[in-house]
Amino acid sequence: MQLSLMKIDTEKEIASLAHLASEIWHEYFITIISNEQIDYMIEKFQSVPALTDQMTNQDYEYYFMTIQDNPVGYLGVKPEEGKLFLSKFYIQQEHRGKGYASQAMELLVDICRNRNLAAIWLTVNRHNTSTIAVYEKKGFKTVRTQAADIGNGFVMDDYVMEKEI
Ligand SMILES: CC(C)(COP(=O)(O)OP(=O)(O)OC[C@H]1O[C@@H](n2cnc3c(N)ncnc32)[C@H](O)[C@@H]1OP(=O)(O)O)[C@@H](O)C(=O)NCCC(=O)NCCS
C-alpha cells in the first residue's frame, strides 16, 4: 500500500492530531516512562495549544501519514540550519511493521532534496531500543547523548541521531 503525507493545517486537523498523539504516546511509552511524565509531555508538546504554537510561531510542519486517505500515524519536522529536524515520528500500533516508516523516510529524503537540506536528525529515548534499531537500519548514526530538563522534575534521556542525505 502506498503511503502519502498530508499536511496538517486546520483547527479540526490539529484536534485530531492531538488525539492521535495522545493515543499513541500512552500506548507506546508506558513501558519506558511513567504515566505522569507521558501526560506532562503530551500537554507540553502535543496538545492543541502546543501544536498550534509550534506550527504558527516555530516553523514546525506536521503531517498525517495516510494510507488511502486514512491516517496511520504522524510526523513533525522543522527545517533548520541546512538540516531537517525530525521532531516526531509515530505510527499506530496496528500499522507498525508494514514498511510504512520506510516509505515515510523516503518521502522525508525527497523533502530534503527539494529544499537542499543535507541531513535528517532526531532525538530518541535511550531505552527505546527497537526504534533505535529501526533508525540504524534506515541509515541514522548516533552522534551524541543528551539529557534535556523538561521541567516538573522530568528529564528526557536521549540519543541524538543523524542521517546524511
Ligand atoms: C518507529 C516506528 C515509526 C517504525 O515504524 P514501522 O512501521 O514499525 O517500521 P517499518 O515497518 O517501516 O520498518 C522500517 C525498517 O526498519 C526495519 N525494522 C523494523 N523493526 C526492526 C528492529 N526491531 N530491528 C531492526 N530493524 C527493524 C524494517 O525491516 C524496515 O527496514 P527496510 O524497509 O529497510 O527493510 C514505529 O515502530 C513506531 O511508531 N514506534 C513507536 C513510537 C516511536 O518510538 N516513535 C519514534 C519516537 S523517536
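In this structure, is Phe45 at negative phi and either surrounded by 18 or more Cβ atoms within 10 Å (Cβ to Cβ) or acidic (Asp, Glu) (or both)? No; evaluated as a whole, the condition is false for this residue. When Ile33, Ile67, Ile42 are checked against the criterion of being within 14 Å of the ligand (Cβ to nearest atom), under 21 Å from Asp149 (Cα atoms) and over 14 Å from the mean Cα position of the chain (by Cα), Ile33 stands alone in meeting it. Looking only at residues in region 1-51 that are among the β-branched types (Val, Ile, Thr) and without any contact (Cβ under 8 Å) to a residue 60 or more places away in the chain, the one that is nearest to Val72 (Cα to Cα) is Ile14. Does Glu13 qualify as being in contact with a Phe, Trp or Tyr (Cβ under 8 Å, 6 or more places away or on another chain) and not polar (S, T, N, Q)? So Glu13 fits the description; yes. Condition check: out of contact with any Cys (no Cβ under 7 Å at 6 or more places or on another chain) and part of a strand (DSSP E or B). Does Thr142 satisfy that? Judged against the criteria, Thr142 is a match. The residues on offer are Asp157, Asp110, Asp149, and the sole one that is within 15 Å of the ligand (Cβ to nearest atom), more than 26 Å from Ala15 (Cα to Cα) and more than 14 Å from the chain's Cα centre (by Cα) is Asp157. For region 70-81, filtered to residues that are within 16 Å of Ala119 (Cα to Cα) and touching a strand residue (DSSP E or B) at 6+ places or on another chain (Cβ under 8 Å), the residue that is nearest to the ligand (Cβ to nearest atom) is Gly76.
Go through region 128-139 and give me each residue that's of a type in the set (S, T, N, Q) and either outside any helix (DSSP H, G or I) or near the ligand (Cβ under 7 Å from one of its atoms) (or both). Working first, answer last.
Our first condition is that a residue be of a type in the set (S, T, N, Q); within region 128-139, this holds for 128-131.
The answer is Asn128, Ser130, Thr131.
Against the numbered list (1) under 20 Å from Ser22 (Cβ atoms); (2) within 13 Å of the ligand (Cβ to nearest atom); (3) not basic (Lys, Arg), Leu122 comes up short only at (1).
Bear in mind that the values in this text are calculations on the coordinates, not laboratory data. On a predicted model such as this, the values are computed, not experimentally measured, just so you know. No Cβ is skipped: glycine too gets one built from the backbone with ideal geometry, and neighbour counts run over all protein chains shown.
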